[in-house]
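S.K.: For reference, the structure I am asking about is given below.
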Amino acid sequence: LVDLGLQRRGWAARLLRGWGLGTLLVLLAFVALWAAGWVTVERASPSLLAFTASVLTWIIISFVEELTFRGYIMQGLAKGWGMPIAVIVSSILFAAVHSLNPDADLFAIFNIFFAGAFFALGYLVTASLWFAAGLHIGWNLTLIHIVGFPGSGLTEPSLFQSTVDGPELMTGGAFGPEGGLVGLGAWLLGIALL
């Protein structure tokens, strides 16, 4: 696990830095949708037990996806094919897995490829899988549990409930911002920042 980028020293700082950037990008996407008048927000009242269980589940899901796709798959492929091919193939596989989610269409899957590339770049820039996992966790928890968008077509208990009413190409529709141009823009901004 250390060889995959899960260093023992400084792991919490790397995780939190990634978490912060993932959170920031979702909030920027939210502000863009809100400023365009495509989202309305209302306070939600989730059950504490359901909310806590969902948050913990999504933290685990995000971490396991990073360990799988940017850990074992990408780094294993890099040994034989080189890192550029490994990033592309692991991102394609990451997108393919998300094609099974509700309301996934071709554009959403195209976008998820860039999410995979963004998380991969997070690992490559820092040589830390903790940072990539933080990006993924920050993105998912803010998107799904704080602002209340669907995350790759899945809805969960959240602190606020955001409802989109705008062009699906921009908002992602029922798949959530990850399926629209605003979500893609957030990932491209993240790539540029990294």
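S.K.: Round to a whole angstrom and tell me the spacing of the C-alpha centers of segment 12-90 and segment 126-172.
M.R.: First find each Cα centre; the distance between them is then 7 Å.
S.K.: Let me ask something else about it. Taking every pair of distinct Cα atoms and averaging 1/r, then inverting, what Kirkwood hydrodynamic radius in Å comes out for segment 104-194?
M.R.: Values: mean 1/r = 0.0754 Å⁻¹.
Computed over segment 104-194, the radius equals 13.3 Å.
S.K.: Taking all pairs of distinct Cα atoms, average 1/r, flip it, and tell me the Kirkwood hydrodynamic radius of the chain in Å to one decimal place.
M.R.: 16.6
S.K.: Before anything else, pin down the relative contact order of the chain: Cα pairs under 8 Å, at least 6 apart, normalised by residue count, whole percent. Mind showing how you got there, number by number?
M.R.: Details: 345 pairs, mean separation 64.9, N = 194.
Worked out over the chain, it gives 33 percent.
S.K.: Using every alpha carbon pair in segment 37-149, what percent of pairs falls into each 5 Å bin from 0 up to the bin containing the largest distance?
M.R.: Percent of pairs per bin, in order: 2, 11, 19, 21, 18, 13, 9, 4, 2, 1, 0.
S.K.: Can you list which of the DSSP-assigned H helices in the chain have a Cα extent of 15 Å or more along the long axis and an average Kyte-Doolittle score of at least 0.0?
M.R.: 11-35, 48-65, 83-98, 106-126, 129-140, 181-193
S.K.: Also: Can you tell me which of 101-114, 179-192 comes out highest on packing, and rank the rest after it, using the mean Cβ neighbours within 10 Å?
M.R.: Working: 101-114: 18.3, 179-192: 20.9.
Top to bottom by mean Cβ count within 10 Å: 179-192, 101-114.
Any read-out appearing in this document is the output of simple, stated calculations on the displayed coordinates, not a laboratory observation. Since the model is a prediction, treat every value here as computed from it, not as a measurement. Here Cβ is always computed from backbone atoms with ideal geometry, including for glycine, and neighbour counts include all displayed protein chains.
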